Amino acid sequence: MRLYFFVFSFLLLATQAVGQTAKYEYFITLNGNLYLPINNPEKGVYPILGYDKETDSKVLIGGMGVGLAAFKSVKNNLMLKGQANLSKHTYWDEPLYIVDDVGNPLNRLVAGSSDYAIGLTVSVNYFLTPKISVGTGLGTQILLVSLSRLPQVYDSKKLVAVNNYYKRFVPVLPIELSYKSNKKLFNVRYEHGLLDRLKGDLQNVQDDKFGLLVFEVGFRIR
């Protein structure tokens, strides 16, 4: 709990630490993202956009989101960046094994799951050129809801289940490469989850960490 308090305190203080003399630049952003499972080989990477004739939904639409980014100058080559996103993170979930009445395996079914989350990051970006920068800082992913699409079995209907075994907050370490002009922003960011996302007794029997690879394009609004 103290770690979460530290994350939010850092996010709050960092946005105020550079004073009031510099000008803010605001960008509205759109992103596509890949959820990268760590320590859980049963999960898989779901494409941002793809096609698979073997799945129930042939057209696969994965992680995407919308957000707001703000830059503020600190020194000649340094800028403080704050980022807030509302995103969907999609992945192939752990397989569902179908058995008969005596327990013999009949089929192995795989379906996608989606996490709807708010992402917050604060980073210090160093500009290698007037437009290209690298940055790192601290952030958190705040889970709103996690949904699993259960595959259709025999005559059953397709179901959507709510996953209640994930933590609400996971701190992340962001590392990003950005191209920023006066009107547009192009950004690639990797966010590494710092904690196991399972809660309760599950975290004692299984590791389930993740990373996020985010591709963003932004348009300046101020």
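Being farther than 15 Å from residue 70 by Cα, surrounded by 15 or more Cβ atoms within 10 Å (Cβ to Cβ) and not basic (Lys, Arg) is the requirement here; does residue 140 meet it?
Working: farther than 15 Å from residue 70 by Cα: yes; surrounded by 15 or more Cβ atoms within 10 Å (Cβ to Cβ): yes; not basic (Lys, Arg): yes.
Yes.
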Hits in the range 35-92 - residues which are open to solvent by 40 Å² or more (accessible area, probe 1.4 Å), polar (S, T, N, Q) and in a loop (DSSP other than H, G, I, E, B): 39, 57, 76, 77
Filtered residues of the range 156-211 (kept if modelled with pLDDT of 90 or more, among the small types (Gly, Ala, Ser) and farther than 20 Å from residue 120 by Cα): 181
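Just to be sure I understand, how many residues within the range 174-201 are hydrophobic (A, V, I, L, M, F, W, C) and open to solvent by 70 Å² or more (accessible area, probe 1.4 Å)? Spell out how you get there, then give the answer.
Within the range 174-201, the subset hydrophobic (A, V, I, L, M, F, W, C) is 175, 177, 185-186, 188, 194-195, 198.
Adding the requirement that they be open to solvent by 70 Å² or more (accessible area, probe 1.4 Å) leaves 175, 177, 186, 194.
Matching residues across the range 174-201 total 4.
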Candidate set from the range 144-155 (those that are among the hydroxyl-bearing types (Ser, Thr, Tyr) and at pLDDT below 90); member that is nearest to the chain's Cα centre (by Cα): 148
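The values are calculated or read from the model by the stated rules, or taken from the named source; none is laboratory data. Source: prediction; values computed, not measured. Counting neighbours? That spans all protein chains shown, and the Cβs are built from the backbone with ideal geometry, glycine included. Each accessible area value is taken on the protein alone, full model and side chains, heavy atoms only, with ligands, DNA and RNA left out. Shrake-Rupley method; radii C 1.70, N 1.55, O 1.52, S 1.80 Å.
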